[in-house]
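S.K.: Sending over a structure as structure tokens; questions will come in a sec.
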Amino acid sequence: MKLRFIEIKMKKRGEKPTFMLSVIIRLLSLAMGLGVVAALFLLQGVNPLLLYFNIFRVAFFTQYGLAETLSRMIPLLCIGIGLSVPFRAKIDNIGAEGQFLVGAIAAAGVAFSFPDLPAVLLIPLMFAAGFALGALWAIPVAIFRVMGKFKGADVVLSFLMVFPAYLLIVYLVNGPWKDPEGWGFTQSPLFPVNSQIWQLPGTRIHLTILLVLALTFLIHYYLVRTKEGIPETKLGYEINVVGENPEAGAAAGINFLKIALITMIISGGMAGLAGVGEVAGNLLRLRPEISTGLGFTGIVVAWLGGLNPLGIILSSLFFAGLLAGGVEIQMAGLPVTVIDLFNGSILFFVLLAEFFMRFKIEWRILK
Amino acid sequence: MSIVLIGSSIVTAATFFLIPTLGEILTERSGILNLGVEGMVISSAAAAFAVTYLTGNAMIGVLAGMAVGGILALIHAILSITFNRNQVVSGISLTVFGTGLSGLLGRDFVGRTIAALQPIPILGLSDIPFFGPVFFNKDILVYASFILVPVLWFILFRTRIGIVIRTVGENPAAAYTQGINVILVRYLCVILGGMLCGLGGAYMTVAWMPAWTEGMTGGRGWIVIALTVVALWHPITAFLGAYLFGMFHVLQFSFQLSGIPVAFINMLPYLSTIAFLLAWGILLNKQKVKRIIGAPSALCVPFEKG
Amino acid sequence: MVTVLKMQNICKSFVGEGGGEIRANDNITFTLKRGEVHALLGENGAGKSTLVMNLCREPDSGTVILNGEKVELHSPRDALKHGIGIAYQDLSRTLVERHTIAENILSLATGFLLSPSAIEEAIREALVEYDLGELDPQMSIWKLSGGEKQRVEILKALITNPDILILDEPTSMQTPLEVERLFSLIETLKAQGKSVVIITHHLGEAIRISNRITVLRGGKVVDTLDEVRVEAMKKEPEKGARELAQLMVGREVLYDLERKGLQEGPIVLATQDLRVNNDMGVQVVNSVSFKVRGNQILGIAGVAGNGQRELVESIVHWREATGGNIHLHGEVITNKPIKEIRDRGVSFVPENRKKALILNMSVRANLMISYYADTPGLFVDREAMIKKTDGLIKRFSIETPSPLAPVRSLSGGNRQKVVVARELSRQPPKGEQLLLIAENPTFGLDVATTQFVRQELLKMRTAGAAVLLVSSDLTEIMTLSDMIAVMYKGKIIGVLDASSATRESVGLLMGGVVGETSNVGEDELIEA
């Protein structure tokens, strides 16, 4: 590109950017995303700096806020880590919201069916059911991704699958699982005591956090981490190959459908687990509005974290803080949906940052 | 419900599907997939409502809606055309961003009311039994959608601009080597497509249900994207598809007394969309079909010169 | 005669996707006179297409002078404005398969409205005017043969009525009749005072049609032969062709590779009436039957685009065979899963390197792809893989800073070495021979790497492997093969024993001329 005084050239980088550079580029994209939202806030007459400061202070430096942040982090981390697996294989799953919801349904179903089972049996059974149903909800997306030739059809499908899940909850809490003492609230009765996941007293941080951290570690260790350039498992290697060049993967005999199915089962299953944790550990009831967009925030969490488990832990902490500090957003007179404004804006810049990881900009002044 | 009333509401619902679908067809015909329809529609719905409320003039509101749609589409254009980023992720970001933006734009207007666009009966036509009140006693935006269908068809298939757009969407290098500015064509198509989505959003709050509630589009933007596939990227079939989907939408209300739980009936539009997508997915996979119809060949493929 | 176009000191380099610069044009000066046909001659990768492309994008340095005026041409649009018409070589980037011929010629769509009938009429008129033969303007591109597509591309360039016409490999897929037509057309244009640049690697054609010839090698001008010398060549075309060939290849003529006489092994691969479609669903392999034995190299010669790619891709099931059978070691493997076919001892060095290499991944990860699944279980045997890949890098002397460097950062030659190293070192199941399929394995490589790859292929042959070599480079076919099969329009139209085949006999078959030259009939091959 040549302007009057200056010539700008974009050049492909030969090597991958160093770790430090990629962290800096990501932090910069985060800052710019926040900057755009700040500008919009200014237009609405809200002081963004004060608001950001308050969110930050509440979310990380008050006892209640910190507990709330950690509690919010559980589903976000679980969904984000799960999503990172198909994302690494270039399979788009934006239906985590639906997979989360059916996970919650499964938890409620098991809890209400076997209320008398001891907790040590009942709770694992709920998690298993949540994983299974979440995975089931994700499988059509994988098949469509591989079989459907129209690009984006799988994305649309995975999104459309959210609504039947949501409406299924609406039906259940109005019908079979209606709370008899609900005074008109559309919700299920309280979960049986045996099915409630133990919480840290005085907080809403439930034991699911250990499960999620363990799964994060497993995915990091077996699928992501490389030593001498070689991942631990064949699956991890195949995911990398398919993600970088699906044609080469297919040419070498890697079955794309198999990879799509496995990664989507992991992703859908983990969103399902998050759903189980959220209703059995946090809310203790099934309601239609249990999620409020966690599945979508999870997408941003995964991308901002660079699809890397360590990065995702940090980015889920960031977004959990944003959710926990959301009280401040409402106090400033803004609607809750502005959280999406952060999500979208940050995702834009993360996407842009990816460009600068592959290209560098050279410029010189023309005489 | 009387049959005229049902017919009339089908037209109303269908118009909301039709206008953004035409926009998405235009966008995809140039080779760019914009999954941000939901975001553009809901933001422009909020903007159109807010501006109508403030100015008292619905047409200014409609223009504001189109402007918001166009500006949001511009973001997608910059990311996907200039910076060659993943169009799927960019579109998802746009949806999320637009949802957030709608909250911000509409925050002072929840629960307010405006005067909706008034129906304008068309002399002579509105007296035809059934068809008159159903099709020809509507507001100006419905008529606009009637006109947009043949206009878009005409532009795409009977003008030089149309053949250029289709060539860009099928094989941008072929257009470029014949002296076409591929980048410009794609920018224009994406922005115009966004403005049509904006028009659809504006229609929702200014004409259809003149009120603003958060999340009022309820994922219909995604049905628009599915509809583009179902319509095989053609304006005429888009018209038929939009009315079919409008019918699913309205029928859910007439089933409400049938004893089937409401939630299941509400699933109807989404389930039928999924069913259509699956059927079309199988159909478009056939090689013999693929070489005649199907997604524009360069859809989602970034273009690099040289 | 007046000089209409002068390209002065043109330099153009490409960043070989990662640091390594390829100087495709190195200080080239080229002139074109009014009313002349100027041939640009050179091997693959000599920089011919790159040179003319500088007329529709900016070169790194150098000037373009058009009719005595210095011009800057940034895009094809500028080129068109200045009366330069280009018929491009890569038709997949210039024609829209789903559209009709009429819809493909955008320059005919003038004004706001589109009148299909007027455009079709204009095309019919142009076809008659230029004598380009029959073409139905309403026909979709995907239904056309390669030669017909090339005619559409030429028509597209002609219809803008350019003063300078550039034809990039216009005859590669045309039938002899079509070529004759094109040449008489070029004569007519010349008589009208237009100038034509024709890019080709066909020596005979270059001598026949042109007034002057510029030979390129390695991005540099080797020589420009003036009218007198070309005129002399026209009198003795064979001698001229030899002279040109020497200029093209240069002094560094490949030394002969050692080929021992070997006892033929058992039949490894046999196909029977194999039929395959191309990407647009048109059958381009029509009932092909052949067999390859151990210790044997079967060379498939032919002009690119006659179905060779589809043929080999169907053997490894990169694409579906629509009819017929493929036998490996006597067992049917037609359309079996890719992994199963590979595990039975089939290696493939494809021409399409995008499918062979993952540029963003390390050399090690790229080498591993054929070996990581050798051990059972869910885990990768890390120690074995490190040993294996380090060994391959050493044995095939792949120049890389580290096994962990991305393949993107390697030069073209070393990238191909990665593929060759990986595919040639695979072990067939016990007691059986490896089938190695090599599709244009030395395309675009430097001399040293070319030599290296060819030697490795011969080593495989000695080791007992059956080698199926597809190449559009006749020299490669002649030096390596034991048997030569020639493919033309989706059929094997002749099979020759390498010991008795000559360049001429193979060359004639490649042009579709079937004479008594084939001393081994097709029957011999089919009979199992």
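The values are calculated or read from the model by the stated rules, or taken from the named source; none is laboratory data. Every value quoted in this text rests on a predicted model; they were computed, and no experiment measured them. Here the Cβ positions follow ideal geometry from the backbone for every residue, glycine too, while neighbour counts run over all protein chains shown. Ligands, DNA and RNA are stripped out before the accessible areas are found, and what is left, the full protein with its side chains, is counted by its heavy atoms. Shrake-Rupley method; radii C 1.70, N 1.55, O 1.52, S 1.80 Å.
S.K.: Take the residues of region C:163-184 that are farther than 22 Å from C:Ala301 by Cβ and buried (at least 19 other Cβ atoms within 10 Å of the Cβ): which is farthest from the chain's Cα centre (by Cα)?
M.R.: Going residue by residue through region C:163-184, those that are farther than 22 Å from C:Ala301 by Cβ are C:163-168, C:180-184.
Cutting the leftovers down to buried (at least 19 other Cβ atoms within 10 Å of the Cβ) gives us C:164-168, C:182.
Details: C:Ile164: 26, C:Leu165: 23, C:Ile166: 19, C:Leu167: 16, C:Asp168: 13, C:Leu182: 21 Å.
Once the filter is applied, the top-ranked residue is C:Ile164.
S.K.: Now a separate question. Picking from A:Ala59, A:Ala111, which residue would you name as being touching a Pro at 6+ places or on another chain (Cβ under 6 Å) and either in a helix (DSSP H, G or I) or of a type in the set (Phe, Trp, Tyr) (or both)? Give the steps one after another, and end with the answer.
M.R.: Values: A:Ala59 fails: touching a Pro at 6+ places or on another chain (Cβ under 6 Å).
None of the others qualify; the one that does is A:Ala111.
S.K.: With C:Ile398, C:Ile393 as the choices, which residue is of a type in the set (A, V, I, L, M, F, W, C) and either assigned to a helix (DSSP H, G or I) or under 20 Å from the mean Cα position of the chain (by Cα) (or both)? Step through it out loud before you land on a result.
M.R.: Working: C:Ile398 fails: either assigned to a helix (DSSP H, G or I) or under 20 Å from the mean Cα position of the chain (by Cα) (or both).
Exactly one residue qualifies, and that residue is C:Ile393.
S.K.: Separate question: Based on what the data block shows, is A:Ile219 modelled with pLDDT of 95 or more and farther than 23 Å from A:Leu121 by Cβ?
M.R.: Values: modelled with pLDDT of 95 or more: yes; farther than 23 Å from A:Leu121 by Cβ: yes.
Criteria met by A:Ile219.
S.K.: If you don't mind, there's one more thing I want to ask. With a cut-off of at least 1 residues that are within 19 Å of B:Val142 (Cβ to Cβ) and not hydrophobic (A, V, I, L, M, F, W, C), name the helices (runs of 4 or more DSSP H) lying wholly within region B:169-267. Give the derivation first.
M.R.: Details: elements: B:172-177, B:182-203, B:220-230, B:235-254.
Qualifying helices (runs of 4 or more DSSP H): B:182-203, B:220-230, B:235-254.
S.K.: Do we have any residue at all in region A:190-205 that's away from chain C (no Cβ under 14 Å) and in contact with a strand residue (DSSP E or B) (Cβ under 6 Å, 6 or more places away or on another chain)?
M.R.: Within region A:190-205, the first condition is being away from chain C (no Cβ under 14 Å), and the residues that meet it are A:190-205.
If we keep only those that are in contact with a strand residue (DSSP E or B) (Cβ under 6 Å, 6 or more places away or on another chain) as well, we get A:197, A:199.
Within region A:190-205, one or more residues are away from chain C (no Cβ under 14 Å) and in contact with a strand residue (DSSP E or B) (Cβ under 6 Å, 6 or more places away or on another chain).
S.K.: Also, I was wondering about something else. Here are some conditions: (1) within 14 Å of another protein chain (Cβ to nearest Cβ); (2) in contact (Cβ under 8 Å) with a residue 60 or more places away in the chain; (3) among the β-branched types (Val, Ile, Thr). A:Thr216 meets all but one. Which one does it not meet?
M.R.: (1)
S.K.: Moving on to the next point. Between a first residue in region C:340-354 that is of a type in the set (Asp, Glu) and a second residue that is assigned to a helix (DSSP H, G or I) and open to solvent by 60 Å² or more (accessible area, probe 1.4 Å), which pairs have beta carbons less than 6 Å apart while being 6 or more apart in sequence or on different chains?
M.R.: Correct list of pairs: empty, since none qualify.
S.K.: Might you check whether a residue that is over 22 Å from the mean Cα position of the chain (by Cα), touching a residue at least 60 places away in the same chain (Cβ under 8 Å), open to solvent by less than 10 Å² (accessible area, probe 1.4 Å) and within 14 Å of chain B (Cβ to nearest Cβ) occurs anywhere in region A:132-147?
M.R.: Checked region A:132-147: no residue is over 22 Å from the mean Cα position of the chain (by Cα), touching a residue at least 60 places away in the same chain (Cβ under 8 Å), open to solvent by less than 10 Å² (accessible area, probe 1.4 Å) and within 14 Å of chain B (Cβ to nearest Cβ).
S.K.: Run B:Leu123 past the list (1) within 12 Å of chain A (Cβ to nearest Cβ); (2) more than 23 Å from B:Cys189 (Cα to Cα); (3) part of a loop (DSSP other than H, G, I, E, B) and report the number of the one that doesn't hold.
M.R.: Failed condition: (1).
S.K.: Same structure, new question: Pairs, please: C-beta under 9 Å, at least 6 apart or cross-chain, first residue not in a helix (DSSP H, G or I) and in region B:54-73, second not basic (Lys, Arg)?
M.R.: Pairs that qualify, where the first residue is not in a helix (DSSP H, G or I) and the partner is not basic (Lys, Arg), are B:Gly56/B:Ile114; B:Gly56/B:Ala115; B:Asn57/B:Val51.
S.K.: Also, I was wondering about something else. So which residues in region B:277-305 are open to solvent by 60 Å² or more (accessible area, probe 1.4 Å) and over 25 Å from the mean Cα position of the chain (by Cα), if there are any at all?
M.R.: B:Lys286, B:Gln287, B:Lys288, B:Glu304, B:Lys305
For every residue, the table says whether it meets (1) touching a strand residue (DSSP E or B) at 6+ places or on another chain (Cβ under 9 Å); (2) modelled with pLDDT of 90 or more; (3) surrounded by fewer than 20 Cβ atoms within 10 Å (Cβ to Cβ); (4) under 26 Å from A:Gly103 (Cβ atoms).
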site	(1), (2), (3), (4)
A:Val300	no, yes, no, yes
A:Leu307	no, yes, yes, yes
A:Gly311	no, yes, no, yes
A:Leu314	no, yes, yes, yes
A:Met331	no, no, yes, no
A:Gly344	no, yes, no, yes
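S.K.: So, in region A:157-182, exactly how many residues are surrounded by 22 or more Cβ atoms within 10 Å (Cβ to Cβ) and among the small types (Gly, Ala, Ser)?
M.R.: The number of residues fulfilling the criteria is 2.
S.K.: Of the numbered conditions (1) out of contact with any Phe, Trp or Tyr (no Cβ under 7 Å at 6 or more places or on another chain); (2) more than 8 Å from chain B (Cβ to nearest Cβ); (3) buried (at least 23 other Cβ atoms within 10 Å of the Cβ), A:Phe185 satisfies every one except a single condition; which is it?
M.R.: Every condition holds for A:Phe185 apart from (3).
S.K.: Among the residues of region C:48-86, which ones are open to solvent by 60 Å² or more (accessible area, probe 1.4 Å) and either outside the structural domain of C:Thr214 (by TED's automatic domain parsing) or more than 26 Å from C:Met248 (Cα to Cα) (or both)? Spell out the reasoning first.
M.R.: Initially, region C:48-86 is screened for residues open to solvent by 60 Å² or more (accessible area, probe 1.4 Å), giving C:58, C:60, C:67-70, C:72, C:74, C:77, C:80-82.
Within region C:48-86, C:Glu58, C:Asn67, C:Gly68, C:Glu69, C:Lys70, C:Glu72, C:His74, C:Arg77, C:Leu80, C:Lys81, C:His82 meet the criteria.
S.K.: So in region B:1-51, with the set limited to residues that are open to solvent by less than 10 Å² (accessible area, probe 1.4 Å) and charged (D, E, K, R), which one is nearest to the chain's Cα centre (by Cα)?
M.R.: Out of the qualifying residues, it is B:Glu24.
S.K.: If you take the residues in region A:220-250 that are more than 7 Å from chain C (Cβ to nearest Cβ) and β-branched (Val, Ile, Thr), which one is farthest from the chain's Cα centre (by Cα)?
M.R.: Here the answer is A:Thr226.
S.K.: How about region B:157-195: which of its residues are more than 7 Å from chain C (Cβ to nearest Cβ) and hydroxyl-bearing (Ser, Thr, Tyr)?
M.R.: Once the filter is applied, which keeps residues that are more than 7 Å from chain C (Cβ to nearest Cβ) and hydroxyl-bearing (Ser, Thr, Tyr), region B:157-195 yields only B:Tyr187.
S.K.: In region C:336-394, which residues are open to solvent by less than 50 Å² (accessible area, probe 1.4 Å), at the interface with chain A (Cβ under 7 Å from one of its Cβ atoms) and either polar (S, T, N, Q) or within 20 Å of C:Lys430 (Cα to Cα) (or both)?
M.R.: Those that are open to solvent by less than 50 Å² (accessible area, probe 1.4 Å), at the interface with chain A (Cβ under 7 Å from one of its Cβ atoms) and either polar (S, T, N, Q) or within 20 Å of C:Lys430 (Cα to Cα) (or both): C:Ile338, C:Arg342, C:Asn360, C:Ser362, C:Ser370, C:Tyr372, C:Ala373.
S.K.: Another question, if that's okay. So, in region A:311-367, of the ones that are among the aromatic types (Phe, Trp, Tyr), more than 11 Å from every other protein chain (Cβ to nearest Cβ) and assigned to a helix (DSSP H, G or I), which residue ends up nearest to B:Ile42 (Cα to Cα)?
M.R.: Start the filter on region A:311-367 by keeping residues that are among the aromatic types (Phe, Trp, Tyr), which leaves A:318-319, A:342, A:348-349, A:355-356, A:359, A:363.
Now drop any that are not more than 11 Å from every other protein chain (Cβ to nearest Cβ), which leaves A:318-319, A:363.
From the residues that got through so far, the ones that are assigned to a helix (DSSP H, G or I) too are A:318-319.
Numbers: A:Phe318: 27, A:Phe319: 23 Å.
Result: A:Phe319.
S.K.: Take the residues in region B:259-279 that are more than 7 Å from every other protein chain (Cβ to nearest Cβ) and in contact with a helix residue (DSSP H, G or I) (Cβ under 6 Å, 6 or more places away or on another chain); name whichever of them is farthest from B:Gly218 (Cα to Cα).
M.R.: Across region B:259-279, the extreme among qualifying residues is B:Phe276.
S.K.: Kindly indicate whether C:Glu129 is surrounded by 16 or more Cβ atoms within 10 Å (Cβ to Cβ), of a type in the set (D, E, K, R) and assigned to a helix (DSSP H, G or I). Before the answer, list the steps.
M.R.: Numbers: surrounded by 16 or more Cβ atoms within 10 Å (Cβ to Cβ): no; of a type in the set (D, E, K, R): yes; assigned to a helix (DSSP H, G or I): yes.
Against the criterion (surrounded by 16 or more Cβ atoms within 10 Å (Cβ to Cβ), of a type in the set (D, E, K, R) and assigned to a helix (DSSP H, G or I)), C:Glu129 does not qualify.
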